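Working notes, beginning with the structure itself.
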Ligand code: TXA
Ligand code: MG
């Protein structure tokens, strides 16, 4: 199948072009589009055949439920049984934005969307292009991250093209995604509010509005069983072997340089992702990721893909943060490192 790529400028939305994406979605096709978190691979959430094609295009296991995206907050009412007070508070304060809310699903949500669960995740994105596409579609849109299952999530249209060319009908190129990590997944379907996947909206952000929130820790770090079905699979993995390097206050340069030399002595090409600027280690490839966890997170997935395209065999990703936001960053990085974490300093 030919995959059409259409550019839409987020500062000057062309309604006609957004309409083309809407037509693909309405017609049962697959269309990838940008959101503020990562690119999503959309299909009409109420059309089981279209939704099943998402699983095929991604190579995604069937037991991993999808997030349903909406253009207007009110659309949630037909998709879930009941919108409780906590959900209303989150919608009011954080929507549109990078948090998905899980509630008991209504009967119109097909089983393949919820992967057989009695709940469904709903998200209203803030990205202007996502909003325009969803509005044009006129239906709720199921959209996982638009990567091949297991690979880093796409944060620019080129990443989507790499993974999805010939497999889907259309890619809407709306530039790069500002957050760069997937949404916080917040389960409000039970008595307790639980973060199943940490994201840009943290427990600390939520608690003033909905009271105690549990979870939101880095399950990849503490060995806990992943809470969201999708978090148990191999994730965010580039071809290279990734190591998360946690550094403390003291100078880590000498230790890291030694690690890197050992790999290079084995004939391996080594890349470093760093929160301080300057390749003083003699790495073969080097990317400065920015000095805050927000900036680092926004570049993480694209840096992992970049290191693959540069042919690195090993990637050391150096982290020196312990703020709330870094929980989500660590969660993704540790998964891409398949648990390989080194502590220095
Ligand atoms: O930022 C995002 O959330 C992006 C953009 C495109 O919106 N989407 C995204 O979708 O990350 P996906 O499918 O890659 O990840 C959805 C995660 C999975 O870990 C899945 O298991 C979990 O959310 N999830 C979805 N519905 C759920 C449910 N009813 N109960 C528990 N976990 C759920
Ligand atoms: Mg994903």
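The values are calculated or read from the model by the stated rules, or taken from the named source; none is laboratory data. Fair warning: this is a prediction, and the values are worked out from it, not measured in the lab. Quick reminder, even Gly has a Cβ in these numbers, built from the backbone with ideal geometry, and neighbours come from all protein chains shown.
Would you mind stating whether residue 138 is modelled with pLDDT under 95 and surrounded by fewer than 21 Cβ atoms within 10 Å (Cβ to Cβ)?
Judged against the criteria, residue 138 is not a match.
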Discussion item. I need the helices (runs of 4 or more DSSP H) fully contained in the stretch 240-345, keeping only those with at least 3 residues that are modelled with pLDDT of 95 or more, out of contact with any strand residue (DSSP E or B) (no Cβ under 8 Å at 6 or more places or on another chain) and within 30 Å of residue 185 (Cα to Cα).
Written reply: 293-309
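Of the residues 190, 174, 215, which single one is at pLDDT below 95 and either away from ligand 2 (no atom under 16 Å from the Cβ) or under 21 Å from residue 302 (Cα atoms) (or both)?
Working: 190 fails: at pLDDT below 95; 174 fails: at pLDDT below 95.
Answer to the check: 215.
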Item to complete: Return the residue satisfying two criteria in turn: it lies in the stretch 179-191 and is in a loop (DSSP other than H, G, I, E, B) and in contact with a helix residue (DSSP H, G or I) (Cβ under 7 Å, 6 or more places away or on another chain), and of such residues it is surrounded by the fewest Cβ atoms within 10 Å (Cβ to Cβ).
Response: 179
Discussion item. Is it the case, given these coordinates, that residue 154 is more than 8 Å from ligand 1 (Cβ to nearest atom), within 23 Å of residue 201 (Cβ to Cβ) and assigned to a loop (DSSP other than H, G, I, E, B)?
Written reply: yes
Practice prompt. Determine, yes or no, whether residue 169 is more than 21 Å from residue 7 (Cα to Cα), touching a strand residue (DSSP E or B) at 6+ places or on another chain (Cβ under 7 Å) and more than 14 Å from ligand 2 (Cβ to nearest atom).
Written response: no
Item to complete: Spot the failing condition for residue 158; the list is (1) touching a residue at least 12 places away in the same chain (Cβ under 8 Å); (2) away from ligand 2 (no atom under 16 Å from the Cβ); (3) within 21 Å of residue 10 (Cβ to Cβ), and only one is missed.
Response: (1)
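For (1) over 25 Å from residue 95 (Cα atoms); (2) crowded, with 22+ Cβ neighbours inside 10 Å; (3) within 16 Å of ligand 2 (Cβ to nearest atom), each residue gets a yes or a no:
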position: 9; (1), (2), (3): no, no, no
position: 14; (1), (2), (3): no, no, no
position: 18; (1), (2), (3): no, yes, no
position: 25; (1), (2), (3): no, yes, no
position: 34; (1), (2), (3): no, yes, yes
position: 39; (1), (2), (3): no, yes, yes
position: 42; (1), (2), (3): no, yes, yes
position: 61; (1), (2), (3): yes, no, yes
position: 69; (1), (2), (3): no, yes, yes
Worksheet entry | Where a residue in the stretch 197-214 is without any contact (Cβ under 8 Å) to a residue 12 or more places away in the chain and its partner, wherever it lies, is buried (at least 20 other Cβ atoms within 10 Å of the Cβ), with Cβ under 7 Å and at least six apart | 207/213
Discussion item. Suppose we filter the stretch 159-178 for residues that are out of contact with any helix residue (DSSP H, G or I) (no Cβ under 9 Å at 6 or more places or on another chain) and either surrounded by fewer than 24 Cβ atoms within 10 Å (Cβ to Cβ) or more than 20 Å from residue 236 (Cβ to Cβ) (or both); how many remain?
Written reply: 3
Discussion item. So for the stretch 47-54 (the condition being under 15 Å from residue 110 (Cα atoms), within 12 Å of ligand 2 (Cβ to nearest atom), in contact (Cβ under 8 Å) with a residue 40 or more places away in the chain and in a helix (DSSP H, G or I)), does at least one residue qualify?
Written reply: yes
Practice prompt. Answer yes if at least one residue in the stretch 198-213 is assigned to a loop (DSSP other than H, G, I, E, B), on the phi > 0 side of the Ramachandran plot and more than 14 Å from ligand 1 (Cβ to nearest atom), and no otherwise.
Written response: yes
Discussion item. Give all pairs with beta carbons closer than 6 Å in which a residue from the stretch 229-255 that is over 13 Å from residue 273 (Cβ atoms) meets a residue that is modelled with pLDDT under 90 and surrounded by fewer than 21 Cβ atoms within 10 Å (Cβ to Cβ); count only pairs at least 6 apart in sequence or on separate chains.
Written reply: 232/226; 248/345; 250/345; 252/345
Worksheet item: Of (1) in contact (Cβ under 8 Å) with a residue 40 or more places away in the chain; (2) in contact with a strand residue (DSSP E or B) (Cβ under 9 Å, 6 or more places away or on another chain); (3) within 15 Å of ligand 1 (Cβ to nearest atom), residue 180 satisfies all except one. Which?
Response: (2)
Discussion item. Please go through the stretch 1-25 and give me each residue that is at pLDDT 95 or above, closer than 9 Å to residue 169 by Cβ and not in a helix (DSSP H, G or I), ordered by number.
Written reply: 2, 3, 4
